[in-house]
Amino acid sequence: MATEIKVWQIINDKLESIETGRREKEDLEKWIKSNPSILGQDILIIGEQVPTKSGIIDLLGIDKSGDLIIIELKRDKIPKEALSQVIDYASDVASWDIDKLSEICTEYTGLELEDYLNEKFEDINLENLPINKTQRILFVGFSIEESLQRMIEWLSNNYDVSINAVILKYIKTKNGDELIARTVIIPEEIEKERSKKRRFQLSMSEEPGDYDVEELRNLLKKYLSENRTTPRRIREILLPLCLKYEVVTREMIKEELIKKGEAEDKGEAGIIVTTISREIGIEQRDYLRQIIKYDKPNPWEKENYRLVEEYKDLVKCVLEDLNKEKE
């Protein structure tokens, strides 16, 4: 049976039916972009109006397992004809590599995919996360055709196809309050069980590396040359500050981020500092911890960054070499 949500408001112990409106696709996009959790837990939006070989994806998402989510928005009832269209999108998306996805993510968020995931998902291991191994289909609308609902349930129950529909209801009460009611065809708990995806925990460490000078130089040069936002910020902001000052605080880094145009305010700068902090703590980045020391006022926070004295000249030479290569 097609899902339908009816709403009544209790006024003076009597039920009064509430009329609904705002069925424009633009409303859906606005609500979802401002709060993606309306679609489900652990979902990020990484692109909008994304072209494929057969049409335009309304919104492209990714979940904590690295699976891409093709999100199809409908202003009214979701028709059964939309199924073949979105399956076509998914078949094209399945061939997309990390570089293409990172371009899409950068255009939408301003961050490359790896940096965006690292910033938003704190407890995953990006080194082992299988990006785009599986594609999910998610319809979003204000109602759904009974035949499409039946097909979604059949594909999910019998073939473990990652497909679902979110049905929203816009409600405006007699007092003028605006509400959104939400229901899904396949409960999230069941969908998670069927996905059978391994959740990766981010391997963190406080242990520094123990590399000889030449090996350390090569590791630093390779890392700081990466075309990612976080290595670039460590190269252009954190390390120069550490060369200039004996001790560099989080506040100093925030001020430099704002000064360099990397952040608009201290709130945004604080998020970036947390990303840098977490990057240094990744187990595989032990070469960073070999040259950078820090205090930990809290288990989740690093403070008072400083370069190990014996590596200052090495860091200075590596940065100079990288700057020359850019010229």
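The values are calculated or read from the model by the stated rules, or taken from the named source; none is laboratory data. Computed from a predicted structure; not experimentally measured. Backbone-built Cβ (ideal geometry, glycine too); neighbour counts: all protein chains shown.
Taking the criterion of being of a type in the set (S, T, N, Q) and either modelled with pLDDT of 90 or more or closer than 25 Å to Val161 by Cβ (or both), the residues of segment 103-127 that qualify are Thr106, Thr109. Scanning segment 304-327 for residues that are part of a strand (DSSP E or B) and touching a residue at least 60 places away in the same chain (Cβ under 8 Å) yields Tyr305, Arg306, Leu307.
Among residues belonging to segment 220-234 that are in contact with an Asp or Glu (Cβ under 9 Å, 6 or more places away or on another chain) and farther than 19 Å from Tyr116 by Cβ, point out the one that is modelled with the lowest pLDDT.
First, pick out the residues of segment 220-234 that are in contact with an Asp or Glu (Cβ under 9 Å, 6 or more places away or on another chain): 221, 225, 227-234.
With farther than 19 Å from Tyr116 by Cβ added as a condition, the list becomes 221, 225.
Values: Lys221: 96, Ser225: 93.
This residue is Ser225.
With respect to (1) buried (at least 16 other Cβ atoms within 10 Å of the Cβ); (2) more than 18 Å from Glu206 (Cα to Cα); (3) among the aliphatic types (A, V, I, L, M), the lone exception for Val247 is condition (1). When segment 206-227 is filtered for residues that are surrounded by 15 or more Cβ atoms within 10 Å (Cβ to Cβ) and of a type in the set (A, V, I, L, M), the ones remaining, listed by number, are Leu216, Leu219, Leu220, Leu224. The residues of segment 292-307 that are over 27 Å from the mean Cα position of the chain (by Cα), over 14 Å from Glu207 (Cβ atoms) and among the hydrophobic types (A, V, I, L, M, F, W, C) amount to a single one, Leu307. Restricting segment 144-184 to residues that are among the polar types (S, T, N, Q) and crowded, with 19+ Cβ neighbours inside 10 Å, the residue that is modelled with the lowest pLDDT is Ser162.
Residues in segment 63-87 that are without any contact (Cβ under 8 Å) to a residue 40 or more places away in the chain and touching a strand residue (DSSP E or B) at 6+ places or on another chain (Cβ under 7 Å): Gln85 only.
Every test in (1) within 24 Å of Phe121 (Cα to Cα); (2) at pLDDT 95 or above; (3) not small (Gly, Ala, Ser) is passed by Ile56 save one, and that test is (1).
Somewhere in segment 276-291, is a residue buried (at least 19 other Cβ atoms within 10 Å of the Cβ), aliphatic (A, V, I, L, M), in a strand (DSSP E or B) and more than 26 Å from the chain's Cα centre (by Cα)? Checked segment 276-291: no residue is buried (at least 19 other Cβ atoms within 10 Å of the Cβ), aliphatic (A, V, I, L, M), in a strand (DSSP E or B) and more than 26 Å from the chain's Cα centre (by Cα).
Of the residues making up segment 49-62, those that are within 16 Å of Phe139 (Cβ to Cβ) and in contact with a strand residue (DSSP E or B) (Cβ under 6 Å, 6 or more places away or on another chain) number 6.
Out of the strands (runs of 3 or more DSSP E) lying entirely within segment 52-167, which hold 2 or more residues that are closer than 23 Å to Ile280 by Cα, under 12 Å from the mean Cα position of the chain (by Cα) and of a type in the set (A, V, I, L, M, F, W, C)?
Working: elements: 55-63, 68-73, 135-141.
Strands (runs of 3 or more DSSP E) meeting the threshold: none at all.
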